[in-house]
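Asker: I'd like to ask some things about the structure below.
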Amino acid sequence: MTSPEVPSVPVDEVPAEPGSAAILLDVREDDEWQLGHAPGAVHIPMADVPARVDELDYDSEIYVVCRQGGRSIQVVQYLTHVGFDAFHVVGGMVAWQRSGRPLATEGGDEAKIY
């Protein structure tokens, strides 16, 4: 899913090691996060982003991911509106898993997005 007015990047353009210059923000729900997520990602469910926006760094590029792209587009629209340099990750975590990028879980179980 894409939107012409939302900055978007394919999965392979997301920095491999999120850190101070880049944040991978996962906006899926808790149950989705627990099934599998990108190592080093920050988890803030979509509905909580406005209340927790101060947990994000205005000096970092923020790559926003959800399952397939619908929620991340909305979050990128919000973040860019309030002054962040944010990008929608096209295809979300489904594309992440399909591309072979690493996945993690909290309990060490096998990670699975789809």
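The values are calculated or read from the model by the stated rules, or taken from the named source; none is laboratory data. Predicted, not measured: the structure shown is a model, and the values here were computed from it. Backbone-built Cβ (ideal geometry, glycine too); neighbour counts: all protein chains shown.
Asker: What tally of residues in the stretch 63-87 results from selecting those that are part of a helix (DSSP H, G or I) and over 11 Å from I23 (Cβ atoms)?
Answerer: Within the stretch 63-87, residues that are part of a helix (DSSP H, G or I) and over 11 Å from I23 (Cβ atoms) number 11.
Okay, residues lined up against (1) surrounded by 18 or more Cβ atoms within 10 Å (Cβ to Cβ); (2) out of contact with any Leu (no Cβ under 7 Å at 6 or more places or on another chain); (3) modelled with pLDDT of 95 or more:
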residue	(1), (2), (3)
T2	no, yes, no
P18	yes, no, no
A21	no, yes, no
E29	no, yes, yes
M46	yes, yes, yes
G70	no, yes, no
L79	yes, yes, yes
A95	yes, yes, yes
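Asker: I'd like to verify a number: residues in the stretch 55-94 that are in contact with a helix residue (DSSP H, G or I) (Cβ under 8 Å, 6 or more places away or on another chain) and either without any contact (Cβ under 8 Å) to a residue 24 or more places away in the chain or at positive phi (or both), how many?
Answerer: So the count comes out to 3.
Asker: Among the residues of the stretch 41-54, is any in contact (Cβ under 8 Å) with a residue 60 or more places away in the chain, more than 15 Å from V82 (Cα to Cα) and part of a loop (DSSP other than H, G, I, E, B)?
Answerer: No: zero hits.
Asker: Out of all the residues in the stretch 92-112, is one or more charged (D, E, K, R) and within 14 Å of P7 (Cβ to Cβ)?
Answerer: no
Asker: Still on this structure, please answer the following. For the stretch 91-112, check the following and say yes or no: at least one residue is outside any loop (DSSP other than H, G, I, E, B) and in contact with a Cys (Cβ under 9 Å, 6 or more places away or on another chain).
Answerer: Yes: one or more hits.
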